[in-house]
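Below: one structure, written as structure tokens.
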Amino acid sequence: YFAFTEVARGMSMISQNAAVNANGRVFFMDRGDFYVYAGSVQKLKCPVLTTVFDDFDLGQRQKVVCGHNPDFSEVTWFYPSESAALNDKYVIYNYQQNIWYFGSLARTAWMDRGINDTPVASSNGFLFLHESGFDDGSTSPASSIDAHVESSQFDIEDGDSFSFVRRILPDVSFEQSTADSPTMNLVLKARNFPGTNYHTTQSSAVTRSATVPVEQFTDQAHVRLRGRSLALRAESSTLGVKWRLGSPRIDIRKDGRR
């Protein structure tokens, strides 16, 4: 005899491929939330929820696919934005660090590493080996990858006071890079007023930024930057460069209320 045991009500999966078994738990996406099942169903607290579902083509929701990258404790959902008919964006939950991040990448299927050396994903009729090499092998010759990661805005005293930055300690490693002199940039962005989009030209725009080139032996860099809130961006676009960001330190002091 076989039977079904109901474990939860009020949710479903947004597509048949929107769930994955990772680290002994099942993670899945619903039409507006993310959940995990580990004996019982629990909703995941997602600080980027509106970022995902405010730009989501629900008419193409059956194309959502979920994948697991155990080397980095990541569960990834690839989904179609409002301006695309196929998956062109992703959101990742890192279950080890309990953090979320998102970006743009076209992938329509994902196969975990398993017995293979790397995960395999597909897009536009091609198969891509992930976590293999440092450059874009889809071109001939290989081209550099425009890689970046950017933090959300942070401030002091809940933004009541301005911050003045005078120094940054990078904490970046370039292990296994094949470039003779690997480099990357750390970019500090400052703005004076709050807003939902600090990339626009409105009052919430970035008022000033400081770019710090980082090499293998860069221990510190002196800058002069002032703003009510700040964001840190790490980026590179050079062939043969692999970088890992540790815990950079920023020397900040209070600099008045206006």
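The values are calculated or read from the model by the stated rules, or taken from the named source; none is laboratory data. Because the structure is a prediction, the values reported are computed rather than measured. Here the Cβ is made from the backbone with ideal geometry for all residues, glycine too, and neighbour counts use every protein chain on show. The protein model used for the area step is the full one, side chains on, heavy atoms only, and it has no ligands, DNA or RNA in it. Shrake-Rupley method; radii C 1.70, N 1.55, O 1.52, S 1.80 Å.
Tally up the carbon and sulfur contribution to the accessible surface of the chain as a whole percent, 1.4 Å probe, everything protein left in place.
Reported share for carbon and sulfur atoms: 48 percent.
Using the heavy atoms of the protein chains alone and a 1.4 angstrom probe, what is the accessible area of the range 1-122 per residue in square angstrom?
59 Å²
When the Kirkwood hydrodynamic radius is evaluated over all pairs of different C-alpha atoms of the range 116-164, what value in angstrom, to one decimal, is obtained?
14.7 Å
Take the alpha-carbon centre of the range 1-44, take the same for the range 48-79, and report the distance between them in whole Å.
14 Å
Can you tell me the order of 103-112, 13-22 when each peptide is scored by its average per-residue count of other Cβ atoms within 10 angstrom, highest first?
13-22, 103-112
Scan the chain and hand back the longest stretch that contains none of the GluC sites (Glu not before Pro) lying in DSSP loops with at most 15 other Cβ atoms within 10 Å.
Longest stretch, sites excluded: 7-81.
Ratio of Rg to Rh for the chain, alpha carbon only, Kirkwood?
1.01
Given 37 °C and 0.692 mPa s, how large is the Stokes-Einstein diffusion coefficient of the range 29-75 in µm²/s, with Rh as the Kirkwood radius over Cα pairs?
In µm²/s, the coefficient is 265.
Between PHE102 and PHE154, what is the label-point separation in nm under the 7 Å Cα-to-beta-carbon projection?
In this crude spin-label approximation the distance works out to 2.1 nm.
Compare the peptides 88-95, 116-123 by average per-residue count of other Cβ atoms within 10 angstrom and give them in order, highest first.
88-95, 116-123
Run the quick spin-label model on ALA84 and VAL223: label points 7 Å from Cα toward the beta carbon, then report their separation in nm to one decimal.
With each label point 7 Å from Cα toward Cβ, the separation is 2.9 nm.
If you take the alpha carbon radius of gyration of the range 7-50 and divide it by 2.2 N^0.38 Å, what ratio comes out, to two decimals?
The range 7-50 yields a ratio of 1.09.
Counting pairs of alpha carbon atoms under 8 Å apart in space and at least six apart in sequence, what relative contact order in percent does the chain give?
For the chain, the relative contact order is 15 percent.
Specify whether the C-alpha gyration tensor of the range 77-130 places it in the rounded, prolate or oblate class, a ≥ b ≥ c being the square roots of the eigenvalues: rounded for a/c under 1.5, otherwise prolate if a/b is larger than b/c and oblate if not.
oblate
Hey, can you rank 243-253, 52-62 by average C-beta count inside 10 Å, highest first?
52-62, 243-253
Hey, in the GNM for the chain with a 10 angstrom Cα cutoff, which one of LYS189, LYS242, LYS45 fluctuates hardest?
Its mean-square fluctuation being the largest, the pick is LYS45.
In whole Hz and in residue order, list the ³J(HN,Hα) couplings for the range 150-158 that follow from phi through the Karplus curve 6.51 cos²θ - 1.76 cosθ + 1.60, θ = phi - 60°; x for Gly and Pro.
Ordered by residue, 3J(HN,Hα) equals 10, 7, 6, 6, 9, 8, 10, 6, 6 Hz.
222 nm [θ] for the chain, helices only, -39500 (n - 2.57) per DSSP H run of 4+, per residue, to 500?
It lands at -500 deg cm²/dmol.
I need the phi-derived Karplus couplings for the range 161-166: 6.51 cos²θ - 1.76 cosθ + 1.60, θ = phi - 60°, integer Hz, Gly and Pro marked x.
Result, ordered by residue: 10, 6, 10, 10, 9, 10 Hz.
Using Stokes-Einstein with the Kirkwood hydrodynamic radius over Cα pairs, what translational diffusion coefficient do you get for the range 132-193 at 4 °C and a viscosity of 1.567 mPa s, in µm²/s rounded to a whole number?
84 µm²/s
Which of the aspartates and glutamates could a cross-linker span from LYS43 if the Cα-Cα distance has to be under 13 Å and same-chain partners fewer than 8 positions apart are dropped?
Within reach: ASP30, ASP33.
Testing the spin-label approximation: label points 7 Å from Cα along Cα→Cβ at GLU215 and SER143. State their distance in nm.
Distance between the two pseudo-spin positions: 2.8 nm.
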